[in-house]
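The values are calculated or read from the model by the stated rules, or taken from the named source; none is laboratory data. Computed from a prediction, not measured in an experiment: that's the story for all the values here. FYI the Cβ positions are ideal-geometry reconstructions off the backbone, even for glycines, and counts take in every protein chain you see. For the accessible areas, the whole protein counts, side chains as well, though only heavy atoms, and no ligand, DNA or RNA atoms are used. Shrake-Rupley method; radii C 1.70, N 1.55, O 1.52, S 1.80 Å.
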Amino acid sequence: MLLDADESQLVLVDYQARLMPAIHDGSAVLANARLLARVARTLGVPVWGTEQNPSRLGANDAELRALCDRTLAKMHFSAAEEGLGEWLRPPAKPQQGGNARSLPKHLQKPAQQAPERGTIVIAGCEAHVCLLQTALDLMEDEFEVWVVTDACGSRTERNRDAAFDRLAGAGAELVTTEMVAFEWLRTCEHPDFKEVLGLVK
């Protein structure tokens with residue numbers, strides 16, 4: 001089972017400038033988050049950010065924030081509690097009129113909507129709080145969740161690793177930044193291969 005760029009969305013949780021210095025190996029975690037966002041943008045994968053209580057903790061890292069399509073300010077630890085799911089799964093568009101409504105239901109065409117991107121690639125801080133709670137809620141909402149371990153952080157390794165154990169036990173896939181990049185590409189013949197390889201190197 002490999003990731004598919006056409007079915008994926010990237011969620012980047014709480015890489016706030018005031019928080020990152022306290023995160024274990026924070027500079028490497030942030031560098032991987034930026035890389036994920038750049039690869040996603042190159043390959044047309046939507047990128048969403050979240051910020052925990054930004055009035056107190058400040059905004060996300062500016063470079064990362066600029067790579068996000070939108071950023072959700074939240075007070076709940078789980079972004080799913082504050083509407084992230086509506087961003088990830090937009091409501092179906094109402095069916096267009098015409099005389100199709102007068103047809104029996106089995107002859108009517110289903111409402112057209114954009115194909116769903118039900119695979120959520122997620123990373124963030126702190127892994128054992130906001131990342132964990134968001135990921136578990138997304139799984140409960142029937143998204144397929146892939147956690148990018150080398151782009152996740154907590155203040156301590158123990159808390160981070162406990163989050164990974166719990167997420168894996170709940171059914172999330174644990175991956176790394178480079179796994180995501182090369183699974184989204186699939187082949188060295190991909191038209192964006194050289195650009196993504198340049199980003200990775």
Give the distance, in whole Å, between the Cα centre of region 127-142 and the Cα centre of region 74-89.
-> 10
What accessible area, in Å² to the nearest ten, does a 1.4 Å probe give for D161?
-> 60
Sort 141-149, 171-179 for me by packing, meaning the mean count of neighbouring Cβ atoms within 10 Å per residue, highest on top.
-> 141-149, 171-179
At q = 0.17 Å⁻¹, what is the log10 ratio I(q)/I(0) for the chain, with the Debye formula run over Cα points and no solvent?
-> -1.08
With all protein chains present, how much of the accessible area of the chain (probe radius 1.4 Å) comes from carbon and sulfur, to the nearest whole percent?
-> 50
Take peptides 38-51, 21-34 and line them up by average Cβ neighbours within 10 Å, highest first, as a rough protection proxy.
-> 38-51, 21-34
Kindly rank 125-132, 182-189 from highest to lowest mean number of other beta carbons found within 10 Å of each residue.
-> 125-132, 182-189
Accessible area per residue, 1.4 Å probe, Å², for the chain: what's the number?
-> 53
Mean separation of Cα pairs under 8 Å and 6+ residues apart, divided by the residue count of the chain: what relative contact order is that in percent?
-> 27
